[in-house]
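**Q** I am attaching a structure below and will ask some questions about it afterwards.
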Amino acid sequence: MQKKYTPEAFPWLPAGAIVVFLLALIGFESGVSVTERPELATAGLMAKAYYALSLFVVGGVDLGTPTGGPALGQAMLWTAYFGAPMLAAWGLISALLHALAPQRWQLKRLNNHIIVVGDGELTISYLRVLRENDRRVSVVVVSSAEQTLMEEFKQSFGAVVVNGDITHEFFLRKLKPERAKKILLLDNNSLRSYEAASVLLNLAPAIADRLIIHCAGLRFMRSMANTRVAQSCQVFNTYHLAASGLVRNQMLQHFRQTVRKDVVILAGFGRFGQTILEELQRSAVNELDTVLIIDKDAQRRVLVADEQMEFSGAYDRQIFDGDIANPEVWKKVRRDASVEGDNTVFVLGTGREEENLRSALWLRKKYPGAMVIARSSKESLFASEVGREHNITSISIAQLVEENIPQSWVE
C-alpha cells in the first residue's frame, strides 16, 4: 500500500514555536517580570513554562508588559511576545488553507511543476517513481477518475488533482504549461494525447523537449512517427519500456553465458512480443540464431509488424499459428526447430497470465537447461514464489515499466 505523502521540508512552524517558547522561558528565568503578575519573577520553573506557553493563546494580554531584569532577558521576552501570536496566526491560516485547498489559489502558485495527464496504472507507476526520487516538486494530475482514486493522488502523492479537457487551450493555460518542468500525457486515448500535445506546442513551443507522450497503440505510434508532434516530443509505449528492460537486464546476460547463438521463442506476438523482438534487433541481433513466433494469429501479426518495423538481421525466423495451450503446437516447434540446448529462451508473453505460468512450468520440466520467462500484467507475489521455486523468470509489465522509467523524467 502506498504510504501517505509527506513532503521533505524543514518544519519551520514547530521549530519556530520551540524557539519562541525557549526565549520566553529563558527571559522569565533571567529575572524579568511582567506588570500584571510581578510575582512571576520568583515563581517556579513549571509556572514560568505555563505562562510561556500561554503567549501562544493570549499573546501576553493578561500578563502585562515585560519589566525589570537584565536587558537581554527583556529583549528575549519581547521577541517571544511578538513571535508567539504571529506563529499562532501562521499555523491557523496554514491549516485553513490546507483544509480548504482552493484549487484556483493552488494553480496560480504553480512554477517548475510536473503535469501528469491520466489516471491508469501507468500514471500511478510514474508518480510512485517520481516521489521516490523527488518529494518536493509540485505535481498536477489531470484526471476524471472516481473520487477514491483522486483521493489517492492527493494523499499518496501530494498532487493537485484537476478535471478538464486537455485539448482545450483555455483549460491548458490554467495549468501554466510554459512554467512546467515536465508534461506527461499518459492517457490511454492516444489520439487525444497527440491532440493535446499539438495544442500545447502551439501554446508554448519552448516546452517541446519537456513534453512526453504515451501512445497505447504500437501501430498508431509507428504511423505517426514522421509527424511534427512525434518529432518534437518524446513518444513512448509502455511495452517498449518493459521490453527494453527485459532484454538489456536479463536476456542479454543469458546470451553472453551461452557458447552458441541463441534460439528465442516468443509465445505471444502482441504488443509485448513485438517490442521484445524490436529490442532484440536493436540490442542483441548478433546473438540470435533463430526466433520462433507463436500466436493464434501469428502470420497476420507478423505481416503487420513487418510492414512498420522492418525485420532485420541474419537470424532465421519461423512462424507458428496456434495456441500455446495446445500441445500439438509445441510438438511442431520441437520437430521443426532445435530447442533442446541451454541456448534456448522461452518468453511466455500472451495476455493470458494463467496460461503463461502453466506453460512456463511445463516447459521448465521439458527443457531444464533453457531460460523460461513468464509474463503477468501486475506484480504477483504468487508468480514470483513459483518462479523462485522452479527457476522461472517471472516478470510483470508494471514492474518492468517502473524499473525502466528514464531518470530524466523524474529529475
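Each reported figure results from applying straightforward, stated rules to the coordinates on display, with no laboratory input. Note that the coordinates shown come from a computational prediction; the quantities given were computed from them, not determined experimentally. Backbone-built Cβ (ideal geometry, glycine too); neighbour counts: all protein chains shown.
**Q** Suppose only helical runs count, i.e. DSSP H with n ≥ 4. What mean residue ellipticity at 222 nm does that imply for the chain under -39500 (n - 2.57) per run, divided by all residues and rounded to the nearest 500 deg cm²/dmol?
**A** Details: 18 runs with 204 residues, N = 411.
Estimated from H runs of four or more residues: -15000 deg cm²/dmol.
**Q** Another question about this same structure. Quick one: Cα convex hull volume of segment 105-236, Å³ per residue?
**A** In segment 105-236, the Cα hull volume divided by residue count equals 100 Å³.
**Q** Further, regarding this structure: Going down the list LYS261/LYS296; LYS108/LYS174; LYS296/LYS332; LYS331/LYS366; LYS331/LYS378; LYS108/LYS182, which pairs span over 19 Å between their C-alpha atoms?
**A** Violating the 19 Å limit, Cα to Cα: LYS261/LYS296; LYS331/LYS378.
**Q** Round to a whole angstrom and tell me the spacing of the C-alpha centers of segment 37-96 and segment 343-362.
**A** So the separation of the two Cα centres works out to 72 Å.
**Q** In addition: What residues qualify as long-range amide H neighbours of ARG317, i.e. H under 5 Å apart, gap of 5 or more or another chain, H built at 1.01 Å from N?
**A** For ARG317, whose amide H was placed from the backbone, the distant partners under 5 Å are VAL291.
**Q** Let me spell out the model: positive unit charges on the Cβ of Lys and Arg, negative unit charges on the Cβ of Asp and Glu, origin at the Cα centre of the chain. What dipole size does that give, in debye rounded to 20?
**A** It comes to approximately 320 debye.
**Q** Determine the relative contact order of the chain: mean sequence separation of Cα pairs under 8 Å and six or more apart, normalised by residue count, in whole percent. All intermediate terms of the calculation are to be shown ahead of the outcome.
**A** Working: 648 pairs, mean separation 46.3, N = 411.
This gives 11 percent for the chain.
**Q** Pull up the cross-link candidates among the aspartates and glutamates for LYS154, meaning alpha carbon to alpha carbon under 14 Å and not fewer than 8 places away within one chain.
**A** Here the aspartates and glutamates satisfying the reach criterion relative to LYS154 are ASP119, GLU146.
**Q** Turning to a different aspect of this structure: Antiparallel as a % of all DSSP beta bridges within the chain, to the nearest 5?
**A** Percent antiparallel among DSSP bridges in the chain is about 5.
**Q** Of ASP295, ASP323, ASP62, which is the most mobile in a GNM of the chain whose springs link Cα atoms less than 10 angstrom apart?
**A** Top of the fluctuation ranking is ASP62.
**Q** What whole number of Å gives the distance from the Cα centroid of segment 182-233 to the Cα centroid of segment 104-144?
**A** The two parts, judged by their Cα centres, are 18 Å apart.
**Q** If you don't mind, there's one more thing I want to ask. Roughly speaking, what is the stretch gain from THR227 to ARG37, that is 0.36 nm per residue apart minus the C-alpha to C-alpha distance, in nm to one decimal?
**A** So the extension gain works out to 60.5 nm.
**Q** Taking the dipole about the Cα centre of segment 152-285, with the C-beta of Lys and Arg at +1 and of Asp and Glu at -1, give me whichever of ALA230, ALA284, LEU211 is farthest to the positive side.
**A** ALA284
**Q** Give the longest segment of the chain that steers clear of trypsin sites (Lys or Arg not before Pro) in DSSP loops with at most 12 neighbouring Cβ atoms within 10 Å, not counting the sites themselves.
**A** 137-259
**Q** Okay, moving on. Which option, (i) 31; (ii) 20; (iii) 42, is the value of percent of Cα pairs over 40 Å apart that was calculated from these coordinates?
**A** Checked against the structure: label (iii).
**Q** Can you give the charge dipole size of segment 105-236 about its Cα centre, rounded to the nearest 20 debye, using +1 on the beta carbon of Lys and Arg and -1 on the beta carbon of Asp and Glu?
**A** Dipole about the Cα centre, nearest 20: 500 debye.
**Q** Quick query: amide H of THR344 versus all other amide H atoms, modeled in the peptide plane; which residues come in under 5 Å with a sequence gap of 5 or more or a different chain?
**A** VAL263, MET371
**Q** For a test of the definition: using alpha carbon positions, the gyration tensor, and the 1.5 limit on a/c, classify segment 12-100 as rounded, prolate or oblate.
**A** Note, shape of segment 12-100 comes out prolate.
**Q** Still on this structure, please answer the following. How high is the relative contact order of segment 240-396? Use alpha-carbon pairs under 8 Å, at least six apart in sequence, and give a whole percent.
**A** Dividing the mean separation by the residue count of segment 240-396 yields 21 percent.
**Q** For SER312 paired with ARG388, estimate the spin-label separation in nm (one decimal), with each label point 7 Å from Cα along the Cα-to-Cβ line.
**A** About 4.2 nm separates the two model spin labels.
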